[in-house]
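Take this structure, written in structure tokens, and hold onto it; I'll ask about it next.
The values are calculated or read from the model by the stated rules, or taken from the named source; none is laboratory data. All values reported here derive from a predicted model rather than from experimental measurement. Please note: Cβ atoms are built from the backbone with ideal geometry, for glycine as well, and neighbour counts cover all protein chains shown.
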Amino acid sequence: MIPPELIAQLHNDGRVTLTVKVVPKSSRNEIVGLLEDGSLKLKITAAPEKGKANAAICAFLADQFRIPKRNVEIVRGETSSLKHVTLTSAGETSRYQQ
């Protein structure tokens, strides 16, 4: 489950940047929770090859936050399990489309 303060920040500010720790090739897509450093831990079913896991992360977060996939952007860590992801609310548009 997404922490309510992140949803509130997205709706109030129009944008939120998350630090996400990803575990690929899991049995299901799910939010595990917040880690001690404040990052969000995700489990994703896709394998980390040819951008499949990144696409799955964007689709999953878009679904969880109820925003279009085009409003989810991986800004750092495309080849790492630790990523920085920017989400913009449906009323905002990102400079970079994912």
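Every residue in the stretch 32-47 that is surrounded by 13 or more Cβ atoms within 10 Å (Cβ to Cβ) and out of contact with any Pro (no Cβ under 9 Å at 6 or more places or on another chain), please.
Answer for the stretch 32-47, where residues must be surrounded by 13 or more Cβ atoms within 10 Å (Cβ to Cβ) and out of contact with any Pro (no Cβ under 9 Å at 6 or more places or on another chain): Ser39, Lys41, Leu42.
May I ask you to verify whether Asn54 is under 12 Å from the mean Cα position of the chain (by Cα), closer than 23 Å to Ser89 by Cβ and touching a residue at least 24 places away in the same chain (Cβ under 8 Å)?
Numbers: under 12 Å from the mean Cα position of the chain (by Cα): yes; closer than 23 Å to Ser89 by Cβ: yes; touching a residue at least 24 places away in the same chain (Cβ under 8 Å): yes.
Against the criterion (under 12 Å from the mean Cα position of the chain (by Cα), closer than 23 Å to Ser89 by Cβ and touching a residue at least 24 places away in the same chain (Cβ under 8 Å)), Asn54 qualifies.
Sticking with this structure for a sec: Kindly list the number of the only condition in (1) within 22 Å of Ser89 (Cβ to Cβ); (2) modelled with pLDDT of 95 or more that fails for Glu30.
Every listed condition holds for Glu30 apart from (1).
Further question: As an exercise: evaluate Glu5 against (1) crowded, with 18+ Cβ neighbours inside 10 Å; (2) assigned to a helix (DSSP H, G or I); (3) not aromatic (Phe, Trp, Tyr) and give the number of the one condition it does not meet.
Among (1) crowded, with 18+ Cβ neighbours inside 10 Å; (2) assigned to a helix (DSSP H, G or I); (3) not aromatic (Phe, Trp, Tyr), the lone unmet condition for Glu5 is (1).
To keep it simple, each residue is scored yes or no on (1) at pLDDT 95 or above; (2) touching an Asp or Glu at 6+ places or on another chain (Cβ under 7 Å); (3) basic (Lys, Arg).
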| site | (1), (2), (3) |
| --- | --- |
| Ile57 | yes, no, no |
| Arg66 | no, no, yes |
| Glu73 | yes, no, no |
| Gly77 | yes, no, no |
| Lys83 | yes, no, yes |
| Ser89 | no, no, no |
| Glu92 | no, no, no |
| Gln97 | no, no, no |
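Could you list all residues from the stretch 56-67 that are surrounded by 15 or more Cβ atoms within 10 Å (Cβ to Cβ) and part of a loop (DSSP other than H, G, I, E, B)? Please lay out each step first, then the result.
From the stretch 56-67, those surrounded by 15 or more Cβ atoms within 10 Å (Cβ to Cβ) are 56-62, 64-65, 67; that's our starting set.
Residue satisfying the conditions is Ile67 alone.
Let's see how each residue does on (1) polar (S, T, N, Q); (2) in contact (Cβ under 8 Å) with a residue 24 or more places away in the chain; (3) in contact with a helix residue (DSSP H, G or I) (Cβ under 9 Å, 6 or more places away or on another chain):
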{"residue": "Gln9", "(1), (2), (3)": "yes, no, no"}
{"residue": "Leu18", "(1), (2), (3)": "no, yes, yes"}
{"residue": "Asn29", "(1), (2), (3)": "yes, yes, yes"}
{"residue": "Glu36", "(1), (2), (3)": "no, no, no"}
{"residue": "Leu42", "(1), (2), (3)": "no, no, yes"}
{"residue": "Ala47", "(1), (2), (3)": "no, no, yes"}
{"residue": "Lys50", "(1), (2), (3)": "no, no, no"}
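Name every residue in the stretch 28-55 that is under 17 Å from Thr17 (Cβ atoms) and part of a strand (DSSP E or B), in order of residue number.
Ile31, Leu34, Leu40, Lys41, Leu42
Within the stretch 75-95, is even one residue part of a loop (DSSP other than H, G, I, E, B), hydrophobic (A, V, I, L, M, F, W, C) and crowded, with 20+ Cβ neighbours inside 10 Å?
Step one: of the stretch 75-95, the residues part of a loop (DSSP other than H, G, I, E, B) are 77-81, 89-95.
Applying the additional criterion that residues be hydrophobic (A, V, I, L, M, F, W, C) yields 90.
The next check asks that each one be crowded, with 20+ Cβ neighbours inside 10 Å; those that pass are none.
Looking for residues that are part of a loop (DSSP other than H, G, I, E, B), hydrophobic (A, V, I, L, M, F, W, C) and crowded, with 20+ Cβ neighbours inside 10 Å, one finds none in the stretch 75-95, hence no.
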